[in-house]
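The values are calculated or read from the model by the stated rules, or taken from the named source; none is laboratory data. Because the structure is predicted, anything quoted here is derived from the model rather than measured. Neighbour counts are summed over all protein chains in view; Cβ atoms, including those assigned to glycine, are modelled from backbone coordinates with ideal geometry. Please note that ligands, DNA and RNA were not included when accessible areas were found on the heavy atoms of the full protein model with its side chains. Shrake-Rupley method; radii C 1.70, N 1.55, O 1.52, S 1.80 Å.
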Amino acid sequence: MTLEFADLDTLKEAAMKKFDDCLAHRVQNKPLDREVAQLQAELEQIYRIVVLLQKNEPDMERVAEIWGKMVAICDEFGRGLSALAPKDASYRASYDRILDLRNAAEERRRLHGKA
């Protein structure tokens with residue numbers, strides 16, 4: 001089985017849909033600890049996949065493009081969690097982790113991009 005660049009969008013969309021569905025169907029005032037932790041875990045999994053995807057890529061511009069995609073995915077996950085982050089310290093910690101992954105991806109994108 002070969003992972004394709006477009007598969008990153010599929011993974012992102014599935015994770016965001018699951019999270020959005022949980023938000024839409026949650027019971028009022030029920031903590032979302034499990035759902036937030038799951039969202040963070042799925043982003044970390046996508047990040048690991050990106051590391052593997054770019055590992056053997058000989059074209060540095062393509063590597064920069066892959067990392068750019070990861071930045072965009074982190075941005076979307078961050079937007080999904082941004083409204084919840086101020087409500088609970090554990091949500092804020094997950095939001096901060098998403099931002100950490102985004103910053104790491106952006107650093108790698110710049111490193112491999114054109115000078």
With all protein chains in place and a 1.4 Å probe, Leu99 shows an accessible area in Å² (nearest 10) of 60
Eigenvalues of the alpha-carbon gyration tensor of the stretch 8-115, times 5 and square-rooted, give semi-axes in Å, largest first, of 29, 14, 10
Under the 7 Å Cα-to-Cβ spin-label approximation, Ser82 and Lys17 lie apart by a distance in nanometres of 2.4
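Keeping every protein chain in place, order His25, His112 by accessible area at 1.4 Å, biggest value first, i.e. largest first. Each step should come with its number before you reach the end.
Values: His25 145, His112 40 Å².
The residues order as His25, His112, largest area first.
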Length gained if Ala93 through Arg48 is fully extended, taking 0.36 nm per residue and subtracting the Cα-Cα distance, is 14.2 nm
Taking only the Cα positions of the stretch 30-77, the convex hull volume per residue in Å³ is 44
Out of Lys30, Lys55, Lys17, a Gaussian network model of the chain with alpha-carbon springs under 10 Å gives the largest mean-square fluctuation to Lys30
